[in-house]
Number of protein chains: 2
Amino acid sequence: MIIDVHGHYTTAPPALEAWRKRQIAAIDQPALQPSVAELQIGDDELRQSIEQNQLRLMRERGADLTIFSPRASFMAHHIGDFQVSSTWAAICNELCHRVSQAFPENFIGAAMLPQSPGVDPKSCIPELEKCVKEYGFVGINLNPDPSGGHWTSPPLSDRHWYPIYEKMVEYDIPAMIHVSTSCNACFHTTGAHYLNADTTAFMQCLTSDLFKDFPTLKFIIPHGGGAVPYHWGRFRGLAQELKKPLLGEHLLNNIFFDTCVYHQPGIDLLTKVIPVDNILFGSEMIGAVRGIDPETGHHYDDTKRYVQATANLSAEDRYKVYEGNARRVFPRLDKALQQQGR
Amino acid sequence: MIIDVHGHYTTAPPALEAWRKRQIAAIDQPALQPSVAELQIGDDELRQSIEQNQLRLMRERGADLTIFSPRASFMAHHIGDFQVSSTWAAICNELCHRVSQAFPENFIGAAMLPQSPGVDPKSCIPELEKCVKEYGFVGINLNPDPSGGHWTSPPLSDRHWYPIYEKMVEYDIPAMIHVSTSCNACFHTTGAHYLNADTTAFMQCLTSDLFKDFPTLKFIIPHGGGAVPYHWGRFRGLAQELKKPLLGEHLLNNIFFDTCVYHQPGIDLLTKVIPVDNILFGSEMIGAVRGIDPETGHHYDDTKRYVQATANLSAEDRYKVYEGNARRVFPRLDKALQQQGR
């Protein structure tokens, strides 16, 4: 089985964005905010938005199941207050739940959280619980910078975040560390902010002893780990300067990287440098880079081609990257699959 | 000849840091600020600090000449106002000038600028002119984020920076885009902020048409380009989405990467992905990562070993990386070498 751990609902019907625009336009006039009931997306429309896009490509490329969360750039936690984020997160998560209900063999949910700059992360717990208990979601996306490129929250190692971690440990769910749209003009969202956040999060973990406090906490650093694998020697050396244990012991029981790296040499480096047990197949398809690479004639985000082609992985390794590691890192996914007899 | 384009005076005698501490302590009491004359570093002491460190390692590792600038993390443009930065930059640049006078065959200067958050970059021109005209410096370090991790300046493509670019073009000097210490708790200085800035700067250039306005402007993106080469497919794809030309035409007449990547797989990727004409040898030795890699028994920052060992470069390619490209990107270096008969 091939499990793509990094999929977002980037193809939701246009009514979703239209509703969000109305919500944003009325941020300062709560009385004018659209009601949740005003957003109507029919089952057929929802099915179509998946069948013609993600599911079509999964079939063409040969992936079976996607861990599916709301569109990352649309989370935009910096917009409005907690109430705005809360309503928006509930809508987006419910849509992903409906996708997983419509295609139970192909999609399973991961939650966005109703984060809001300066608001205690504890406020995210009810949405998290609903998604896990009612929707059967198997993971969350945690935004280390809800300010959208101003980085005003404490590092991930700060106790500020512990209420989320306690719930993650209780439910045995991992978090993908994933920022959203940048509202800082210095940072292009998908070309700088996403990759910077990956590197930043890794280094926040490296300098801390977070995983001593939470030995079973699991983070997925997306986009192939930002700059981390390319600079693996630098990070090994920095850990050494800081008198930390070797990275394998210090971080690799808890940190995993996906394969969202959009060319062969990048995947070759990732699979050479990072232990295979720490690599999860992901594509973030129909995301930041939707075009066809003129050098290969294939879509940039068809990452399975690179994983297939790399000389660094054996058949057993590929099983781990495609399925085994995902079942281990997402125990609730494994249980759900077993219940389906898979 | 082997030219290391990325060296900082990280080993200056302790009197320098002591003076800086006094300057910082008295920021709010200008009358108590130490005078420049109070900083005394003798010629012997200065020679020793180089001979026992950079020059010793250059000889051991086999590098001939280093383009030498003030310690990057000490620039700390976020501290104090323009006057504080201006005095500090003048001191640090003069020390690098003295090093280049003491060892004219081994060191040549690149300037730090007296940047200060919110201050017009035009204010840096007098120091830049002094360094080029009086000291014979061949390049500058330009900090895209003088706020130290808060990213409050406009992107490098903004006209805000044009006064610097006009001078760079006039004097035919390149800029290494190099941030300094992070005062944002989210960003570890050398493990996150440096690499993030590299990626950010590249993407600021990619989304803009800066090099249409300045066709001869040259930037060196240090630390192997941050996350850029590892995600080269992503950046090619993003340029495509943005209807920009192919990266070779759009950016690679103006942007160059150094080899400050501290393990073999990273250098292998860099030299596979980035055209050889865009790679300059650099080590940033005695910098962020000073230890010995237990996997190789050699210093992480002995980047010449990786450049020597990679299968991706021919002898002619190595000549370009070690010398030819540096002479082309730093025309004033080339002239200075020719005057020395080299």
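The values are calculated or read from the model by the stated rules, or taken from the named source; none is laboratory data. All figures in this text were calculated on a predicted structure; none of them were measured in a lab. Note: ideal-geometry Cβ built from the backbone for every residue, glycine included; neighbour counts use all protein chains shown. Heavy atoms of the whole protein, side chains included, go into the accessibility calculation; ligands, DNA and RNA do not. Shrake-Rupley method; radii C 1.70, N 1.55, O 1.52, S 1.80 Å.
See the values below:
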| quantity | calculated |
| --- | --- |
| Estimated buried accessible area (total), pair B and A, 1.4 Å, Å² to nearest 100 | 4600 Å² |
| Among beta bridges that DSSP assigns inside the protein assembly as shown, antiparallel share in %, nearest 5 | 5 percent |
| 5 angstrom amide H check on residue B:107, placed H, neighbours 5+ away | B:66 |
| For A:175-187, mean number of other protein chain Cβ atoms within 10 Å | 3 |
| Of B:296, B:261, B:228, farthest towards positive along the dipole that unit charges on Lys, Arg, Asp, Glu beta carbons give the protein assembly as shown | B:296 |
| Accessible area of the range B:1-108 belonging to carbon and sulfur atoms, whole % at 1.4 Å probe | 48 percent |
| Nearest-0.05 FRET efficiency for residue A:53 and residue B:316, computed from C-beta distance (R0 56 Å) | 0.75 |
| Of the GluC sites (Glu not before Pro) in the range B:101-205, those whose Cβ has at most 12 other Cβ within 10 Å and which sit in DSSP loop | B:105, B:134 |
| The range B:260-342 - convex hull of alpha carbons, volume per residue in Å³ | 106 Å³ |
| Of the trypsin sites (Lys or Arg not before Pro) in the range B:217-310, those whose Cβ has at most 15 other Cβ within 10 Å and which sit in DSSP loop | B:243, B:290 |
| Centroid-to-centroid separation of the range A:302-327 and the range A:42-120 [C-alpha atoms, Å] | 25 Å |
| Chain B: calculated mean residue ellipticity at 222 nm from DSSP helix runs of at least 4, using -39500 (n - 2.57) | -11500 deg cm²/dmol |
| Chain A - charge dipole about Cα centre, Lys and Arg +1 at Cβ, Asp and Glu -1, debye rounded to 20 | 380 debye |
| Net dipole in debye of the range A:1-140 [+1 Lys, Arg Cβ; -1 Asp, Glu Cβ; about Cα centre; nearest 20] | 180 debye |
| Computed accessible area, residue A:43, all protein chains, 1.4 angstrom probe, square angstrom | 100 Å² |
| Charge dipole (the protein assembly as shown, unit charges on Cβ, about Cα centre) - positive-most of B:29, A:138, A:274 | A:274 |
| Share antiparallel - DSSP beta bridges, chain B, percent rounded to 5 | 5 percent |
| Unit Cα scatterers, Debye sum, chain B: log10 I(q)/I(0) for q = 0.11, 0.13, 0.14, 0.15 Å⁻¹ | -0.68, -0.98, -1.15, -1.34 |
| Kirkwood Rh and Cα Rg combined as Rg over Rh, evaluated for the protein assembly as shown | 0.98 |
| Nearest-20 debye value, the range B:158-263 charge dipole, Cβ charges on Lys, Arg, Asp, Glu | 260 debye |
| Carbon + sulfur, % of accessible area of the range B:150-276 - ligands and nucleic acids excluded, 1.4 Å | 52 percent |
